Amino acid sequence: MKKYLPYISVIVAMLCWSVSGIATKHALAVLPPFTLIIMRFTLSVALMLVIGLCCRKSKMLRLQTISRKDVPLFVLAGFFQPFLYYLLETYTYNAFSSPTIAETLLSTSPLLSPLFAAVLLRERVTRNNMVGILVSTVGMLMLLLLGRNFQLMDFSSQLSIGNPLGIPLAFASVSTAILYTVILRRVPSDYSDLSIVFWVQLISLVFFYPVWGFIEGPKALASFDWAQLTALNSQLSIAVGCVAYLAIFASVLAFILFCYTVRRIGVTQTNAFNNIRPAFTALWMLLFFGESLPVGKWIGIAMIILGLFVCQKK
């Protein structure tokens with residue numbers, strides 16, 4: 001059973017992250033983007049501090065101090081993700097008129113992961129890895145791009161409206177996420193998973209706060225209509241609930257489980273599971289928001305799952 005724990009962990013992480021887009025959309029109805037990020041990761045760091053202090057005997061959840069020689073690794077990890085990844089991701093979504101285009105480009109990490117893993121970590125990339133990733137990626141593209149009756153959505157006009165700089169921004173964002181996983185593999189194994197995620201997110205806040213202060217901080221506080229705070233009560237309570245979800249499940253639980261998996265099965269195999277996130281999101285939208293799933297999208301979901309099985313096959 002123990003050998004299956006990394007796979008169970010990464011699937012639970014993807015389930016948590018698949019809801020984060022929905023929660024973010026509702027929270028942004030009230031909060032500016034960087035204010036939301038600051039609230040999310042400040043709350044997650046505080047929560048991990050409490051967990052670490054209460055679980056000192058747990059191998060996975062104890063909180064440790066960083067050795068001086070390992071500080072550069074943690075600083076780099078915090079810089080790449082969450083900081084640089086979320087910064088680039090925000091501008092990627094803003095660059096394109098269609099969020100589907102941005103989502104498609106941001107979901108290419110499984111295709112690029114083998115290259116980074118082979119060059120930087122000398123991880124062995126097998127034929128099964130590559131075939132599984134390609135099958136899964138085709139399924140992910142079908143899920144995102146196919147409409148009814150297997151018709152391809154028309155993005156030609158939407159791309160002309162959007163900013164072409166979104167394309168390099170998207171690939172830069174994906175690269176930072178992969179580099180983050182590469183650094184996780186470099187972190188010594190004697191650190192607990194909670195310690196790694198705690199220090200990485202705490203360091204990322206050191207980068208986030210100045211950017212927030214420069215871009216949104218005073219402006220957001222000055223423009224907020226405090227007189228209508230009670231009028232926005234229901235909307236505000238939804239936003240608070242979404243921030244709590246993003247902090248507890250997407251930033252603490254998912255990051256710890258993802259870290260656990262990367263350190264045990266490697267960058268290529270772990271990042272292959274990113275293809276299943278859009279499938280989970282589509283299923284959540286079907287179950288709770290009544291959105292229909294055409295046959296082409298169901299085939300895409302089946303191909304994603306098939307590709308994951310092939311990728312993980314020894």
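If I filter the stretch 21-54 down to residues being closer than 19 Å to PHE198 by Cα and among the polar types (S, T, N, Q), which single residue comes out as surrounded by the most Cβ atoms within 10 Å (Cβ to Cβ)? Quick ask: steps written out before the conclusion?
In the first step, residues of the stretch 21-54 are kept if they are closer than 19 Å to PHE198 by Cα; the result is 36-54.
Now drop any that are not among the polar types (S, T, N, Q), which leaves 42, 44.
Working: THR42: 18, SER44: 25.
Looking at residues that are closer than 19 Å to PHE198 by Cα and among the polar types (S, T, N, Q), I get SER44.
Out of the stretch 63-90, which residues are in contact with a Leu (Cβ under 7 Å, 6 or more places away or on another chain) and in a loop (DSSP other than H, G, I, E, B)?
Selection gives LEU63 alone.
Looking only at residues in the stretch 155-201 that are assigned to a loop (DSSP other than H, G, I, E, B) and closer than 19 Å to LEU257 by Cβ, which one is modelled with the lowest pLDDT?
SER189
If I go through the stretch 55-71 residue by residue, how many of them are of a type outside the set (D, E, K, R) and exposed (fewer than 12 other Cβ atoms within 10 Å of the Cβ)?
Residues in the stretch 55-71 being of a type outside the set (D, E, K, R) and exposed (fewer than 12 other Cβ atoms within 10 Å of the Cβ): 1 in total.
Which of (1) under 30 Å from SER58 (Cβ atoms); (2) more than 18 Å from the chain's Cα centre (by Cα); (3) modelled with pLDDT of 90 or more is the odd one out, the single condition PRO210 does not satisfy?
Against the list (1) under 30 Å from SER58 (Cβ atoms); (2) more than 18 Å from the chain's Cα centre (by Cα); (3) modelled with pLDDT of 90 or more, PRO210 comes up short only on (1).
Out of the residues in the stretch 275-314 meeting the condition of being charged (D, E, K, R) and within 19 Å of TYR4 (Cα to Cα), tell me which one is farthest from the chain's Cα centre (by Cα). Let's see the steps before the verdict.
The first filter runs over the stretch 275-314 and keeps only residues charged (D, E, K, R), leaving 277, 291, 297, 313-314.
Narrowing the set further to residues that are within 19 Å of TYR4 (Cα to Cα) leaves 313-314.
Values: LYS313: 25, LYS314: 27 Å.
Checked the stretch 275-314; the qualifying residue farthest from the chain's Cα centre (by Cα) is LYS314.
Answer yes or no as to whether SER18 is within 19 Å of ALA102 (Cα to Cα), among the hydroxyl-bearing types (Ser, Thr, Tyr) and buried (at least 18 other Cβ atoms within 10 Å of the Cβ).
Numbers: within 19 Å of ALA102 (Cα to Cα): yes; among the hydroxyl-bearing types (Ser, Thr, Tyr): yes; buried (at least 18 other Cβ atoms within 10 Å of the Cβ): yes.
For SER18, the condition - within 19 Å of ALA102 (Cα to Cα), among the hydroxyl-bearing types (Ser, Thr, Tyr) and buried (at least 18 other Cβ atoms within 10 Å of the Cβ) - is met.
For residues that are over 30 Å from PRO188 (Cα atoms) and not in a helix (DSSP H, G or I), tally how many sit in the stretch 253-299.
Applying the first criterion (over 30 Å from PRO188 (Cα atoms)) to the stretch 253-299 yields 278-299.
From what's left, not in a helix (DSSP H, G or I): 290-294.
Within the stretch 253-299, residues that are over 30 Å from PRO188 (Cα atoms) and not in a helix (DSSP H, G or I) number 5.
The values are calculated or read from the model by the stated rules, or taken from the named source; none is laboratory data. All values reported here derive from a predicted model rather than from experimental measurement. Please note: Cβ atoms are built from the backbone with ideal geometry, for glycine as well, and neighbour counts cover all protein chains shown.
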